[in-house]
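One structure is given here, and the rest of the page talks about it.
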Amino acid sequence: MDTRQANQCPSPPGQSAAPTDVPAKALQLFAALEQRLGVHVLGKEEQIRLSLCCLLARGHLLIEDIPGIGKTTLAKALAKVLGLKFRRVQCTNDMLPGDILGVSVFDQRSGLFSFHPGAIFTQILLVDEINRATAKTQSALLEAMEERQVSIEGESRPLPAPFFVVATQNPLEQAGTYPLPESQLDRFLMKISLGYPNHEAERQLLVAGGTVVRDDEQGLVDAEVVFQLQEQVSQVRLSQALVDYLQDILNFSRNSGRFAIGLSPRAGLSLARASQSHALLHGRNFVLPEDVRRVLPYIAIHRLKTADSLAALTIAELEVAFQAVPVPA
Amino acid sequence: MTTRANATPGFAPSRQEAHLVLYTVILCTLPHFFNISVPAILLCLVLWAYHFAAHRWSLPRAGLMTRTLLGVLLFAAAIVTNEGLTLEAFVSLLTMMIALKLFEQRHQRDEMTVVILCYFLIVSGMFFDDSILSTAYILGCILFTTAVLIHIQFPALALTPALALSWRLTSRAFPLMLLLFLVFPRIQGGLWGRPALLESNTGFADEISFGAVARLAVRGDAAFRVTFENGFRPTKNQLYWRGIVLWDCQGETWKQGGQMRPAERDMDMGAQEERRGYTVTLEPHNQRWLFALDLPVRVTSQGSRLHDDFAIHRSRPVTSRLSYQGESILDLQPVYQPTEDDRPGLQLPRGGNPRARELASRLRRTAATDAEFVEKLFDFYRENRFTYSMTPAVAPSGTDAIDWFLFNSRSGFCEHFAASFAFLLRAAGVPARLVNGYFGGEENPFGGYWLIRQSDAHVWVEVRNGDFWQRIDPTLAVAPERGLENARVATGAEGRDSLFSQFKQSAVGQWTASLFNAWDMANSRWNQWVMEYSFADQFRLFASLGIDLEKFKGLFQLLLIAVAVLGATVFFFLALAFMRKMPREGDQVARTWRVFREKLEQAGVIAHDYQGPADLLKAVTAARPDLRGRAEVIIDFYIAIRYREQATAEMLAAFRQAVRQFRPGRPGRHNRMTGVGN
């Protein structure tokens, strides 16, 4: 009885194939990307996915973790697998903005100033220990991250098209550091931490003697494909219902009294973009509340502090806190 | 928006919280156990016990269908066991529905609903009992209920700080309450009144049944309290409180009957200085008459009239405490109106009680006048050693009750004496009638008022003596102590009298008596100052402050109307804004989706409302794999409509139909079901 009647109903579109409207090729691509990245960064599927999500959402990633956990490997592997140019900057407190952005040098032969681009003119930039750089350098970097161009001596120079910054900081060592102010933390789309590998992954690592990202390794895709994927992310549908949900979340962060300061409009935009990206990674061209819920803690963690003690929250605490926001029916 | 965001989803009340709510309900219901019927009490207890046990041993919860059915049944039970749509029926319905609501605790707001309903329960207690003690209890209940409400809203706050907060809140509300009490226009209880009480609070009835057991005489409850003006103190044997006059003799029972003619407007009898003014505070007795000291000449109470037999009738039953002024002349006898018809005073049933009739005519023949006949009747009672007893033997069925009383048992109380006496008078052709009222009273030295109890109920005879109705009390002829003590002592007189009187005279006894007097005084003052604070008192209050409300009456009304209009406007716009704010709340898709989630929940799928559709499908797969196929169809429809925004008219219709036809069945029984997915 039930079966027959259910069959009489018109089927919802795309019911047969769960991943809808995104070419199966893209989904395969994501699977392949994640698989290749997994070779280099063992047992960190979640973090790999979040990094990809962040990259496709045109955001920047902040990794907070102790040294030697595989931050550089992750950034390098991302660059290699995606076929992007990779540079690395190790921050110190005597570093100047010019060291990152580049300087104009007078060329005696031509009698002109010629611009020597800094490390920032790349596609994936790893900024190691960003909190060791002085405020001046930090702000120069972060401005470039937001504007996606560098202004030196009155001339604007656009940065390469996929531009993705992976900054790391060490949560333990505070001496001689310049912690990023909230306003600059806001520039990072997500903050993740890698954490120790699990037992199995660590064993594999020890047996293999570490993973090496070889320089001659060929990428699965190239910059053009990454750029197209980023374009596709912005096409992912944000329905009215989902916007309601996003607004409920933002309102909750501002009005519930649990957090010192609520999420900014920029954070809201970041959340929307990251959700779109997450949806695309799962082969959907529309966002579901689940996408929002998955990425939300990583977007909120460096932006929200508890109202009573101004302490930072953990991912688990944030997940529980935002359970107070029901999905609109 | 914030309201939605604040709702705690995925609500699973902790056991402690659930128990707190249960305690609140029990605390608020307990006083009503004096008011509602025994079956209703038992039902309540059963529901509570099951609720408690269900939490303890995880018993199965009643589903929506069971709850609905049970609700209808309980509704019927409330009405049947409380004799129709009485106030008791409403209260027992409320208590049972709250007990039932305890089973429906899926969201925090369900708990809130229960607790808020408890406030109604608390307030309805005032209908039944507004003494100091119950008011104190009610205040305690409010304190506790508020604390529980706080605790539910802010689970981080433990019960003790919640109680402290509740105390702070209520104590801050207290001045406001006082202000409102004093100045907010009083709506007098009489405006629309309250529904009738189930059982008359008094044993006082509009008929006297000869063979009936005296159930009222042992009750010590207050019937009414009287304060005399100008320091007047009547003697004990002047305290005849006139109630109704019984004319209609049907052998064993006497009923009101007779003429119900109102007295002439101006009962201009007796000198002005002989009139004694007093104020009566009558406890509700659910009858349509008032009491006044014999013989009343004027009673000032709205809707009440003095009849020509000097009974005071009221157009509506006295269902709440009533205060009225009376004026009486103590030694006056009711005038036998020249126009009065003799027949009602002589009416007797056609047959029955032959020995009594025979006795009456024999004694009448030996007496020269009616007065002498009355004397002879008194002699008959005295000489034949009639005894006073509150528990007389009842006449065997089939015998004539008056005959049996006069010649066999010769033991009874005021009803027997008065009724048989009047019967004999009428049998001999002397017009007579019965007066049902109270006799006696106890002066409260603290309060300066007289307390008349239910146990002071009394019946006496009025016989025509020339131009007057003369009061005669055959009970006193037999039991003179009835004139000095009330019936409670009379019952004690049946064997324990010495012990009782010893107790009364002992220091402890006197101390107890004065304690009782003080307590009764406190209650009386409470009634007088708090419960009966009226519109007139408000006028006086304002007058003492130099404000004449009479002058501002028009202005006041205008202000009231303005406030009402303003309030309505504000409410209208608020409602409008509220509705506009959540336009999607009410839409069809959302409603259908909620129905679907509800169905899943009943099917044993635990899904929280912070979870989206994809997570819901996972939950279905985990809890009820048999439902996966059918649920997936619905969820896909929903996603297509809500998140892909590809809704077409037929898709909406198909979605609704699919949800309507989605019948998941109970958890644990899914072996019998064959879902699409299988």
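Reported count of residues in region B:609-629, each being more than 7 Å from chain A (Cβ to nearest Cβ) and either part of a loop (DSSP other than H, G, I, E, B) or within 18 Å of A:A279 (Cα to Cα) (or both), is 4.
Selection of first residues in region A:63-90 that are of a type in the set (G, A, S) and of second residues that are in a strand (DSSP E or B), restricted to Cβ pairs under 8 Å at least 6 apart or on distinct chains, gives the following pairs, ordered by first then second residue: A:A75/A:F86; A:A75/A:R88; A:A75/A:I124; A:A75/A:L126; A:A75/A:V166; A:A79/A:F86; A:A79/A:I124. Residues of region B:302-330 that are out of contact with any helix residue (DSSP H, G or I) (no Cβ under 8 Å at 6 or more places or on another chain), assigned to a loop (DSSP other than H, G, I, E, B) and within 21 Å of B:E274 (Cα to Cα): B:D308, B:D309, B:F310, B:A311.
Inspect all residues belonging to region A:300-307 and state whether any of them is farther than 30 Å from A:V226 by Cα, in contact (Cβ under 8 Å) with a residue 24 or more places away in the chain and more than 21 Å from the chain's Cα centre (by Cα). Yes, the conditions are met somewhere in region A:300-307. In region B:630-641, the residues that are facing chain A (nearest Cβ under 7 Å) and closer than 14 Å to A:A329 by Cα form Cβ pairs under 8 Å with partners that are among the aromatic types (F, W, Y) and part of a helix (DSSP H, G or I), at six or more places apart or across chains, as follows: B:F637/B:F655.
Any chance region A:279-287 includes a residue that's assigned to a loop (DSSP other than H, G, I, E, B), within 8 Å of chain B (Cβ to nearest Cβ) and within 19 Å of the chain's Cα centre (by Cα)? So far as region A:279-287 goes, yes, one or more of its residues are assigned to a loop (DSSP other than H, G, I, E, B), within 8 Å of chain B (Cβ to nearest Cβ) and within 19 Å of the chain's Cα centre (by Cα). Candidates in region B:69-99 are the residues that are more than 16 Å from the chain's Cα centre (by Cα) and buried (at least 21 other Cβ atoms within 10 Å of the Cβ); of these, the one that is farthest from B:F33 (Cα to Cα) is B:L74. Would you say A:T177 is within 26 Å of A:L142 (Cα to Cα), part of a loop (DSSP other than H, G, I, E, B), away from chain B (no Cβ under 14 Å) and among the hydroxyl-bearing types (S, T, Y)? Considered against the rule, which asks whether it is within 26 Å of A:L142 (Cα to Cα), part of a loop (DSSP other than H, G, I, E, B), away from chain B (no Cβ under 14 Å) and among the hydroxyl-bearing types (S, T, Y), A:T177 comes out as yes.
Any residue at all in region B:576-588 that is more than 8 Å from chain A (Cβ to nearest Cβ) and at pLDDT 85 or above? There is no residue in region B:576-588 that is more than 8 Å from chain A (Cβ to nearest Cβ) and at pLDDT 85 or above.
Restricting attention to region A:308-325, the residues that are assigned to a loop (DSSP other than H, G, I, E, B), within 13 Å of chain B (Cβ to nearest Cβ) and in contact (Cβ under 8 Å) with a residue 40 or more places away in the chain total 1. Given the condition under 22 Å from B:G466 (Cβ atoms) and either aromatic (F, W, Y) or surrounded by 18 or more Cβ atoms within 10 Å (Cβ to Cβ) (or both), answer yes or no: does some residue in region B:378-389 qualify? Within region B:378-389 (the criterion being under 22 Å from B:G466 (Cβ atoms) and either aromatic (F, W, Y) or surrounded by 18 or more Cβ atoms within 10 Å (Cβ to Cβ) (or both)), the answer is yes, since at least one residue qualifies.
Just wondering, is there one or more residues in region A:21-38 that are surrounded by 18 or more Cβ atoms within 10 Å (Cβ to Cβ), modelled with pLDDT of 85 or more and not in a helix (DSSP H, G or I)? For region A:21-38, residues surrounded by 18 or more Cβ atoms within 10 Å (Cβ to Cβ), modelled with pLDDT of 85 or more and not in a helix (DSSP H, G or I): absent. Look through region A:39-65, keep the residues that are at pLDDT 85 or above and of a type in the set (V, I, T), and return whichever of them is farthest from A:I315 (Cα to Cα). For region A:39-65, the residue satisfying everything is A:I48. Check region B:261-275 and report whether any residue there is within 27 Å of the chain's Cα centre (by Cα) and either in the same structural domain as B:P354 (by TED's automatic domain parsing) or at pLDDT below 70 (or both). Checked against the condition, which is being within 27 Å of the chain's Cα centre (by Cα) and either in the same structural domain as B:P354 (by TED's automatic domain parsing) or at pLDDT below 70 (or both), region B:261-275 yields no hits at all.
Restricting attention to region B:376-418, the residues being of a type in the set (D, E, K, R) and free of Cβ contacts under 8 Å to residues at least 40 places away in the same chain number 5. Every test in (1) surrounded by 19 or more Cβ atoms within 10 Å (Cβ to Cβ); (2) hydrophobic (A, V, I, L, M, F, W, C); (3) not in a loop (DSSP other than H, G, I, E, B) is passed by B:F407 save one, and that test is (1).
If you go through region A:236-272 and pick out every residue that is in a helix (DSSP H, G or I) and either away from every other protein chain (no Cβ under 13 Å) or closer than 27 Å to A:L313 by Cβ (or both), you end up with 22.
On the given criteria, is A:D99 closer than 25 Å to A:A175 by Cβ, of a type in the set (D, E, K, R) and loosely packed, with under 12 Cβ neighbours inside 10 Å? Spelling it out, it is not the case that A:D99 is closer than 25 Å to A:A175 by Cβ, of a type in the set (D, E, K, R) and loosely packed, with under 12 Cβ neighbours inside 10 Å. Just checking, does region A:148-165 include any residue being surrounded by fewer than 21 Cβ atoms within 10 Å (Cβ to Cβ), modelled with pLDDT of 85 or more and in contact with a Gly (Cβ under 9 Å, 6 or more places away or on another chain)? For region A:148-165, residues surrounded by fewer than 21 Cβ atoms within 10 Å (Cβ to Cβ), modelled with pLDDT of 85 or more and in contact with a Gly (Cβ under 9 Å, 6 or more places away or on another chain): present.
The values are calculated or read from the model by the stated rules, or taken from the named source; none is laboratory data. Note that the structure is predicted; figures quoted are calculated from it, not measured. Note that each Cβ is placed from the backbone with ideal geometry, even for glycine, and that neighbours are counted across all protein chains shown.
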